[in-house]
Each structure stands twice: as C-alpha cells, then as structure tokens.
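These notes are about the structure you will find just below.
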Amino acid sequence: MNKQFYISVSGQDDIAINLAENESVSVVLSHSTFRKEPGDVTTTFKVDGYRWIGDDMDIISWAEFAIEPGNEIKISFQEASGPGTPPKTDLRFVPEEPECSFCQKKAREVKTLIAAPFFAHICDECIETSVDIIKQRQVT
Ligand SMILES: [Zn+2]
C-alpha cells in the first residue's frame with residue numbers, strides 16, 4: 001500500500017505527494033514576507049522536505065505560493081486505498097500577518113521583517129537594538 005499526503009491552500013489545487021513503502025519524509029514549513037512598496041506586503045508560504053530511502057536523503061521543494069492573511073492551509077496524510085479516497089486531515093492552520101517575534105510589530109509597521117524557519121521573524125528595529133546591545137557589551 002502506498003502512502004500519500006496532500007498539501008492544500010484555500011482556493012488552489014491540492015498537491016499530492018506519493019511515497020513508496022520504504023520511503024519516509026520530513027516536512028519543513030516556512031513563510032517569508034516581501035515588501036515591494038510601503039503597504040504592499042506579499043507573504044510566501046513554502047513547503048520543503050527531506051525524503052529518505054534507507055540512508056539516502058534528498059532535499060525537496062514541494063510547493064511555494066503567495067498567501068493572504070486568513071488563507072487556510074491544510075496538510076493531510078493518508079494511507080492510499082484507491083483513487084478518490086478523501087484525505088485524512090492531520091494538520092490545519094490559518095496563518096496570520098507575520099509579526100516580529102521580539103516586539104510583535106506587524107510586517108506593515110516596520111521597514112523590514114526577516115523570516116526564520118518555523119514562523120519566527122525579526123524586524124529591522126529589533127536588529128538595530130540588538131546591534132546596540134552587542135556594541136555596549138564589547139566596550140565594557
Ligand atoms: Zn521587532
């Protein structure tokens with residue numbers, strides 16, 4: 001029996017990923033924010049992963065798409081028993097507008113928001129504060 005999992009975002013086609021019996025995967029979810037002009041913020045959601053067959057590992061990029069705050073993202077896992085079997089949903093979330101993990105300012109409230117894995121971000125203002133703290137510690 002083959003294993004499958006599905007990634008779906010509201011309003012887009014499901015991405016189906018098939019795995020052989022001896023394969024396993026780790027999935028890495030991340031999102032990052034780009035700002036073209038003030039007030040014009042685009043958030044991109046990425047699904048990457050590692051596919052293992054025995055000791056061999058490949059890094060895969062499965063999906064990358066623009067999301068809006070409020071879009072629903074579903075990750076579903078399924079033991080495929082035939083075409084048309086509805087996927088069993090294991091994980092579902094609605095991303096909010098990204099914010100700085102340190103000061104909680106939203107992407108549109110700062111000049112730059114830099115993304116790290118697992119939805120952590122830091123803004124340009126917190127980076128400046130951090131640099132000041134580091135410089136002060138180096139003086140003393
Ligand atoms: Zn900040």
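Test of understanding: ordering Cys123, Cys100 by Cβ neighbours within 10 Å, fewest first, what list do you get?
Final ranking by Cβ density, sparse to dense: Cys100, Cys123.
In this model, which of Lys3/Lys105; Lys106/Lys135; Lys3/Lys106 are farther than 32 Å apart at the alpha-carbon?
Lys3/Lys105; Lys3/Lys106
For the ranges 102-112, 129-139, 56-66, what's the packing order if you count other beta-carbon atoms within 10 Å of each residue, average per peptide, and put the highest first?
102-112, 56-66, 129-139
Coordinate-derived values only; no laboratory data. Model, not experiment: these values are computed from the prediction. Virtual Cβ from ideal backbone geometry, glycine too; neighbours counted across all protein chains shown.
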